[in-house]
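First up is the structure itself, then whatever we jot down about it.
The values are calculated or read from the model by the stated rules, or taken from the named source; none is laboratory data. Here the structure is a predicted model, which means the values were calculated and not measured. Note: ideal-geometry Cβ built from the backbone for every residue, glycine included; neighbour counts use all protein chains shown. What goes into the accessible areas is simple: the full protein's heavy atoms, side chains included, and nothing from ligands, DNA or RNA. Shrake-Rupley method; radii C 1.70, N 1.55, O 1.52, S 1.80 Å.
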Amino acid sequence: MAMPKDIPSADLPNNVLNEFKEFDETKAGVKGLVDSGIEKIPGFFIQPQELLPKSSEIAPPTLQVPIIDLGAIHKDAGSYKQIVQELQQASDSWGFFHLVNHSVPKDLLDEVIQGVKGFHEGDKDVKEKLYSRDRTKKVRFASNLRLYQLGAANWRDTLTCVFDGSLDPTEIPLVCRDAIMKYREAILQVAETLYELLSAALGLPSDQIRGMNCAKTQLMVAHYYPPCPEPELTLGTSIHTDPSFVTFLIQDDLGGLQILHDGHWVNVAPIPGALVVNIGDLLQLASNDKFKSVKHRVLASSRPRISVATFFNPDFDEKKLFGPIKELLSDTNPPLYKDFLVADYIKAYVSKGLTASALSYLKL
Ligand code: OGA
Ligand code: NI
């Protein structure tokens, strides 16, 4: 396998590393800095000029991420076919879409956002006790999970829950525990439906993707983007693609998520009650580039923002090789990627930071 096993962390000057370390050891995250009353952001949050948003690269507001309405999915064959067609177009040309009428109650989505806000704005001791970079912990809190590799830090704190069958729900902070558990159940259902539709959109039997076991692990990251005193100098989340199969995201009403579409950044304007779904690297690869895993980022803001992303992934210990779906391949559509073990893919991703996609290492 040509994937790098261990890429050393970014070449950071010692003083910057020490500042990082000092910040990390507060175990209070970016919210802790804000609470301490800072008026200028520490140097290690300042992004290089070329990565900061430029107004000339923003798409006109008329350009909007597609909306897929699942309301009529069980109505008749014609409606189903139309949904499949819309999904196919959205996955191919946008890689991102809003799902509406997806059966998860809006009240539950609001409860999740409120619960996550409660955690991040709540008891400092609870947060400090959960603060950890230990990837074997199923529930943990940290700021900048890849702080030591990225170079410039992001203005964001994150509560992570890894649902891989061994998570003990009582480890989830009480303020958001019920909401997170209910929400996780609810999106498992939506993922079943989505996988059926995605199979159809690829021209495959409806149970094909479900059979690939790609909802086995759900990695939920509940983000808090604290109010930033100098939002024009940093980013909430650096430019990246998701290494997942698919990602489900809910966001509050502030906005700030942007996706790269035809060379322009398009705002993913919040739609109350909608789920934002995007194609991850693993689905782009499985679809042999028919569907696109698209670059996105989150702006920093003077107002706080909450979002919860859930990455749907295969079993991390899957023994079968993962690769382009064989039924899609032919003489005219040869495989663009090699087959690999999911465990090796995860290892490579973890070792190299959030900015580059692992897909390039797997290209044939
Ligand atoms: C992510 C992500 C977007 C957001 O967690 O991968 O892209 O709006 N989040 O927080
Ligand atoms: Ni993302």
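Within the stretch 338-358, can one find any residue that is within 19 Å of LEU249 (Cβ to Cβ), hydroxyl-bearing (Ser, Thr, Tyr) and touching a Cys at 6+ places or on another chain (Cβ under 9 Å)?
No: zero hits.
If a residue has to be away from ligand 1 (no atom under 16 Å from the Cβ), open to solvent by less than 60 Å² (accessible area, probe 1.4 Å) and touching a residue at least 12 places away in the same chain (Cβ under 8 Å) to count, how many in the stretch 185-212 make the cut?
Adding up the residues that qualify gives 17.
GLY255 fails exactly one of the following numbered conditions: (1) in a loop (DSSP other than H, G, I, E, B); (2) open to solvent by 20 Å² or more (accessible area, probe 1.4 Å); (3) more than 11 Å from ligand 2 (Cβ to nearest atom). What is the number of that condition?
In the conditions (1) in a loop (DSSP other than H, G, I, E, B); (2) open to solvent by 20 Å² or more (accessible area, probe 1.4 Å); (3) more than 11 Å from ligand 2 (Cβ to nearest atom), GLY255 misses (2) alone.
Out of the stretch 330-360, which residues are more than 16 Å from ligand 2 (Cβ to nearest atom) and closer than 30 Å to VAL34 by Cα?
SER351
Filtering the stretch 287-329 down to residues that are part of a loop (DSSP other than H, G, I, E, B), among the aliphatic types (A, V, I, L, M) and in contact (Cβ under 8 Å) with a residue 60 or more places away in the chain, which residue is farthest from ligand 2 (Cβ to nearest atom)?
Filtering the stretch 287-329 down to residues part of a loop (DSSP other than H, G, I, E, B) leaves 287-295, 300-304, 314-321, 323-325, 329.
Filter once more, keeping what is among the aliphatic types (A, V, I, L, M): 294, 300, 321, 325, 329.
Cutting the leftovers down to in contact (Cβ under 8 Å) with a residue 60 or more places away in the chain gives us 294, 300, 325.
Numbers: VAL294: 10, ALA300: 16, ILE325: 23 Å.
If we take residues in the stretch 287-329 being part of a loop (DSSP other than H, G, I, E, B), among the aliphatic types (A, V, I, L, M) and in contact (Cβ under 8 Å) with a residue 60 or more places away in the chain, then ILE325 is farthest from ligand 2 (Cβ to nearest atom).
What pairs come up if the first residue lies in the stretch 91-115 and is within 25 Å of GLN284 (Cα to Cα), the second is surrounded by fewer than 18 Cβ atoms within 10 Å (Cβ to Cβ) and of a type in the set (Asp, Glu), and their beta carbons are under 6 Å apart, counting only those six or more places apart or on different chains?
What qualifies is VAL100/ASP69.
Pairs needed: first member in the stretch 238-262, more than 20 Å from ALA274 (Cα to Cα); second member anywhere, within 9 Å of ligand 1 (Cβ to nearest atom) and of a type in the set (D, E, K, R); C-beta distance under 7 Å; at least 6 residues apart or different chains.
SER238/ARG297; ILE239/ARG297
When residues of the stretch 98-143 are filtered for being in contact with a Leu (Cβ under 7 Å, 6 or more places away or on another chain), within 26 Å of LYS40 (Cα to Cα) and in a loop (DSSP other than H, G, I, E, B), how many remain?
The qualifying residues number 0.
How many of the residues in the stretch 226-244 are touching a Phe, Trp or Tyr at 6+ places or on another chain (Cβ under 9 Å), open to solvent by less than 20 Å² (accessible area, probe 1.4 Å) and within 13 Å of ligand 2 (Cβ to nearest atom)?
5
Based on this model, can you work out whether VAL162 counts as assigned to a strand (DSSP E or B), buried (at least 21 other Cβ atoms within 10 Å of the Cβ) and in contact with a Ser or Thr (Cβ under 8 Å, 6 or more places away or on another chain)?
Numbers: assigned to a strand (DSSP E or B): yes; buried (at least 21 other Cβ atoms within 10 Å of the Cβ): yes; in contact with a Ser or Thr (Cβ under 8 Å, 6 or more places away or on another chain): yes.
The answer is yes for VAL162.
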